[in-house]
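The values are calculated or read from the model by the stated rules, or taken from the named source; none is laboratory data. If you're wondering where the values come from, they're calculated on a predicted model, not measured in any experiment. FYI the Cβ positions are ideal-geometry reconstructions off the backbone, even for glycines, and counts take in every protein chain you see.
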Amino acid sequence: MSDSPMIVLRALGILLTYPRPELRAALPEIADALRASPLIAPQDRDALEGLIVLLTDADQLWAEENYVELFDRGRATSLHLFEHVHGDTRARGDAMVDLKSVYERAGFSLAANELPDFLPVVLEYLSCRDLAETKDMIGDCAHVLRAVGETLLQRGSIYSAVFAALLGIAGQPGLDRKAASRRAAETEDLDREWTEQPAFGPQTPAGGSSGIGRT
């Protein structure tokens, strides 16, 4: 990985991708980047080490099933940021176009199958930018990151460490264990609505800001 201090954002994003064998092979390099980063607080570094140990030691099939269960089967822990802000509305599409334009102006290109609001993609983009822009963009979606992180915390998942670290880098308040304990019923409702919604629901008019974290 690069010597830039911002490269730690790419390392954090990779930890949130599907745990293919290639990711697991890269875990020692990711661990080195996290240990060397001045942007990661000591308590967050320890928690991230725990996630790396889990991904290193876990059975491959378990790691894959655990990831799918956490991030692909409900809205409450979706890694697509606009899912939390716009849901399944026309405004989400407009926001996607706007965010993609931000990337293009900075010379950052998406792969054909990548959506611009996928958190690892956002973090890869920010790994090429400066700390001021990173704090601004993470701060803009801090309430989403906190909600997802606290839901993971409530569910006993050490993946919550990534969200705590991101909030720390941006100078935002961290995860609240008391708030996490209150999220169970709320997130169950979100996930139920997400799985029960029709394939083609009503569209709402576009409008408002299309920033990552703004409604």
Could you say which residue among Glu124, Glu150 is touching a residue at least 60 places away in the same chain (Cβ under 8 Å) and assigned to a helix (DSSP H, G or I)? Glu124
Exactly one of Gly213, Gly174 is closer than 28 Å to Ile30 by Cβ, touching an Asp or Glu at 6+ places or on another chain (Cβ under 8 Å), assigned to a loop (DSSP other than H, G, I, E, B) and at pLDDT below 95, and that one is Gly213
I'd like to know if segment 38-48 contains one or more residues that are more than 25 Å from Asp117 (Cα to Cα), assigned to a loop (DSSP other than H, G, I, E, B) and touching a Pro at 6+ places or on another chain (Cβ under 7 Å). yes
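Give the residue, chosen from Ser4, Ser101, Ser78, that is more than 17 Å from Val144 (Cβ to Cβ) and outside any helix (DSSP H, G or I).
Ser4
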Being part of a loop (DSSP other than H, G, I, E, B) and in contact (Cβ under 8 Å) with a residue 60 or more places away in the chain is the filter; apply it to segment 153-171 and report the residue that is surrounded by the most Cβ atoms within 10 Å (Cβ to Cβ). Tyr159
Top-ranked residue in segment 87-117 [being hydroxyl-bearing (Ser, Thr, Tyr) and surrounded by 16 or more Cβ atoms within 10 Å (Cβ to Cβ); ranked as nearest to the chain's Cα centre (by Cα)]: Tyr103
Look through Ala112, Ala36, Ala31 and report the one residue that is among the hydrophobic types (A, V, I, L, M, F, W, C) and farther than 23 Å from Ala170 by Cβ. Ala112
Segment 64-86: number of residues that are among the polar types (S, T, N, Q) and crowded, with 19+ Cβ neighbours inside 10 Å: 2
